[in-house]
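The values are calculated or read from the model by the stated rules, or taken from the named source; none is laboratory data. Please read these numbers as outputs of a predicted model, since none were measured by experiment. All Cβ positions, glycine included, derive from the backbone under ideal geometry; neighbour counts span all protein chains shown. Ligands, DNA and RNA are excluded from the accessible area calculation, which covers all protein heavy atoms including side chains. Shrake-Rupley method; radii C 1.70, N 1.55, O 1.52, S 1.80 Å.
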Amino acid sequence: EKGGFDHFMLKEIHEQPKAYRDTIRGRVHDNGRQIDLKELNITPVQIQNIRNVHIVACGTAYHAGLVGAKVIEQLVRIPVASDVASEYRYSSPLITPDTLVIVVSQSGETADTLAALREAKAKGAHVLAITNVVGSSIARDADDVLVTLAGPEIAVASTKAYSSQLIAFYLLGMYLAQVRATQTEDDIAQMIMALNALPEQVESMLENSDAMKAYAEQISHHEHLFFIGRGLDYAVAQEGSLKLKEISYIHSEAYAAGELKHGTLALIEEGIPVIALVTQEAVLEKTVSNIKEVKARGADVMAISHEEHIAGLLKSVDQAFAIPKTLPLFTPALSVVPLQLLSYYASLARGNDVDKPRNLAKSVTVE
Ligand code: M6R
């Protein structure tokens, strides 16, 4: 049942190329220049009228929503707010009929996410669900469903569901941009090419997982560490940190790199591991300055970036891991993979039950 893998989590990490292909398939027009989301009920007129977007979810799905928010804001230029469902539902959200509410849930059964969906619907929003389970409560109650085709996810730690949610957000963002003409057809065609390249790029990273395994063994002896990044890298850092806490029980924090000096820098001491995500070229130099700040206080820094920046980064960091090149917006779909492997191997090195971490359930159907 684990297909030759020791754990469901590792199997599911390896299923990501297929999950990406299955989620993309049928949603890209044959001409490679348009997105087709035929399954959606929302009309082009409704899409034209969207004034703002709320993205609501829990845990890892919330982290996918953080990426989704930046994708939609950049491609469609409409304001997007993200919140965790357990806060959103009690926050008297500012919803009008021109608000698009996107709920994200692997299982489609998370109690707080379902309640947030119902609250949004009652207030007149159009609710679109991104879920992995077609017949789930959330899929049934939403006005629209964009299914991720990741296949069943058994491990408590979500991997392929998260990354497939990213793919769903890319498709949705491109589709909204197409309808509202905020991106040209050439832009969309270029994005489709990059999107189609992702599955093979993930495969190439999975073939080289030894470096992450060795690094995981190294950090497995620590009790605290930090993830830092800016923009989309910060969003992925938050997911990397949750994954590591969840299954390795190592305490970690994800920090917006520029925010460190406003308090957190006090915790940096000799030998503390800092994992720096440095994939966003527009802010690369800024993150390098933050890396120097932690290095100067004795941190042991691992950088994750594109091949072309590795030699330069190695002047400031202790180790670096290269991920394949893609459009800046799509890097989360690649950079999360080494972080998943890191958590997996760190959990393994600490002798934990990888697929069933303590105190956690796969689906949280209580509030
Ligand atoms: O099924 P859902 O996507 O609604 O679940 C939401 C969270 O409970 C879930 O992502 C949780 O954070 C995972 N265990 C993280 O790996």
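Could you do me a favour and compute the accessible area per residue for the stretch 22-135, 1.4 Å probe, result in Å²? Computed with neighbouring chains in place, this is 42 Å² per residue.
The equivalent ellipsoid of the chain has semi-axes of 32, 23, 21 Å, largest first, where each one is the square root of 5 times an eigenvalue of the Cα gyration tensor. Only one residue of G68, F8, V45 has its Cα farthest out toward the positive end of the dipole of the stretch 6-72, where Lys and Arg carry +1 and Asp and Glu -1 on Cβ, and that residue is V45.
Taking only protein heavy atoms and a 1.4 Å probe, the accessible area of the stretch 219-338 is 53% carbon and sulfur. Compute the angle between helix 111-122 and the longest alpha-carbon principal axis of the chain, please, reported from 0 to 90 degrees and rounded to the nearest 10. Helix 111-122 sits roughly 30 degrees off the main axis of the chain.
Axis of helix 232-248 versus longest Cα principal axis of the chain: the two differ by about 70°, to the nearest ten degrees. Compactness of the stretch 160-231, taken as the C-alpha radius of gyration over 2.2 N^0.38 Å, stands at 1.57. Dipole size of the chain about its Cα centre, with +1 on Lys/Arg Cβ and -1 on Asp/Glu Cβ: approximately 460 debye, rounded to the nearest 20. Ignoring ligands, DNA and RNA, what percent of the accessible area of the stretch 13-150 is carbon or sulfur (1.4 Å)? Of the solvent-accessible surface of the stretch 13-150, carbon and sulfur hold 50 percent. Between 0 and 90 degrees, the angle of helix 185-207 with respect to the longest Cα principal axis of the chain falls at about 40 degrees. Here is the list for the stretch 274-367: trypsin sites (Lys or Arg not before Pro) lying in DSSP coil, each with at most 11 other C-beta atoms within 10 angstrom of its C-beta, are K315, R358. The GluC sites (Glu not before Pro) found in the stretch 242-316 that occupy coil by DSSP, while having at most 14 further C-beta atoms within 10 Å, are E269, E270.
Rolling a 1.4 Å probe across the protein heavy atoms gives the stretch 296-367 an accessible surface of 42 Å² per residue. Database remark: amide H of F321 closer than 5 angstrom to the amide H of A303, I304, S305 (H placed geometrically; neighbours at sequence offset of 5 or more, or on other chains; Pro and chain starts carry no H).
Among the listed pairs K160/K295; K315/K362; K121/K362; K18/K70; K2/K315; K243/K286, those whose Cα-Cα separation exceeds 30 Å are K160/K295; K315/K362; K2/K315. The value obtained for the stretch 228-367, namely the Cα convex hull volume divided by the number of residues, is 128 Å³ per residue. Put a plus charge on the Cβ of each Lys and Arg, a minus charge on the Cβ of each Asp and Glu, and nothing anywhere else: the dipole of the stretch 299-367 about its Cα centre is then about 140 debye.
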